[in-house]
Amino acid sequence: MHIAPTDTGWMEVIVGPMFSGKTEELIRRLRRARYARQRVGVFKPSIDDRFSETEIVSRAQAALPSVSLNDPTAILSLAEDLEVVGIDEVHFFDERIVEVAETLANSGKRVILAGLDLDFQAQPFGNVITLMGLAEFVTKTLAICMACGNPAARSQRLASGGKERIVVGDVEAYEARCRKCFKPYPLPQQTTLTHN
Ligand code: ZN
């Protein structure tokens with residue numbers, strides 16, 4: 001970001017597939033704010049307990065203390081005294097997250113949201129797309145296709161993933177894939193066998 005706004009809040013959105021470094025980028029921005037002695041808070045949905053219930057943790061093992069909650073409106077009171085509000089795995093929250101983010105930014109805070117823009121069928125997460133439209137700054141991180149090495153914007157669910165839209169998982173259940181290598185789920189039988 002070249003110009004940071006002054007005397008106003010704003011919204012930054014970091015989107016991309018799994019394994020693209022979204023959380024790492026979120027942590028990097030929040031750390032810099034901390035070095036500047038800004039009051040920083042981090043929130044995440046409690047559905048996402050893959051790595052830690054009290055921290056957001058990137059795959060590179062960077063970590064920041066965070067608060068886990070189900071109801072996104074609870075962030076409003078918890079963030080009252082904060083200058084910078086980070087929210088990770090934003091696609092897991094229900095549609096109220098949009099108004100919460102708007103309210104926070106309108107009250108003068110810097111709001112940084114990170115999450116998936118596409119689900120495992122490469123369908124957009126509606127709330128995340130709306131947030132991208134409302135945000136001043138949008139960053140799309142790409143992964144590297146684990147099948148061919150091209151830039152990857154999609155998260156491929158592997159055989160162990162099931163059919164729910166939201167399956168919390170990591171390397172055992174997902175791969176980053178490019179447009180060419182992405183296969184709509186459920187996978188053909190012969191492909192599923194190679195991953196388990
Ligand atoms: Zn590929």
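The values are calculated or read from the model by the stated rules, or taken from the named source; none is laboratory data. All values reported here derive from a predicted model rather than from experimental measurement. Backbone-built Cβ (ideal geometry, glycine too); neighbour counts: all protein chains shown. Heads up: the accessible areas ignore ligands, DNA and RNA and are worked out on the full protein's heavy atoms, side chains in. Shrake-Rupley method; radii C 1.70, N 1.55, O 1.52, S 1.80 Å.
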Checklist outcome for this item: Counting only residues 5 or more apart in sequence or on a different chain, those whose built amide H sits under 5 Å from that of residue 64 are 56
Checklist entry - To the nearest 10 Å², what's residue 81's accessible area with a 1.4 Å probe? => result 110
Next on the checklist: Could you give each residue of segment 89-104 its phi-based ³J(HN,Hα) in whole Hz, using Karplus coefficients 6.51, -1.76, 1.60 with θ = phi - 60°, and x for Gly or Pro?
Outcome noted: 6, 5, 5, 7, 6, 6, 5, 5, 4, 5, 5, 4, 5, 4, 4, 5
Checklist outcome for this item: Scoring segment 10-144 by relative contact order with C-alpha pairs under 8 Å, at least six apart, yields a percentage of 39
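Leaving ligands and nucleic acids out of the surface, order 185, 35 by accessible area at 1.4 Å, largest first. Write down the numbers at each step before the final one.
Values: 185 30, 35 170 Å².
Heavy-atom accessible area, descending, gives 35, 185.
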Next on the checklist: If DNA, RNA and ligands are ignored and the probe is 1.4 Å, what is the ranking of 55, 99, 25 by accessible area, most exposed first?
Outcome noted: 99, 55, 25
Item to check | Coordinate range along principal axes, alpha carbons of segment 10-144, Å, largest first | outcome: 39, 30, 26
Checklist entry - Taking amide H positions as placed 1.01 Å from N in the peptide plane, with prolines and chain starts having none, which residues 5 or more places from residue 138, or on another chain, fall under 5 Å of its amide H? => result 13
Next on the checklist: Need the list of lysines near residue 109 for cross-linking: C-alpha distance under 29 angstrom, and skip anything on the same chain fewer than eight residues off.
Outcome noted: 22, 44, 140
Checklist entry - Separation between the residue 106 and residue 31 pseudo-spin-labels, each 7 Å from Cα along Cα→Cβ, expressed in nm? => result 3.5
Checklist outcome for this item: For residue 69, other-chain or 5+-apart residues with amide H closer than 5 Å (H placed, Pro excluded) are 44, 46
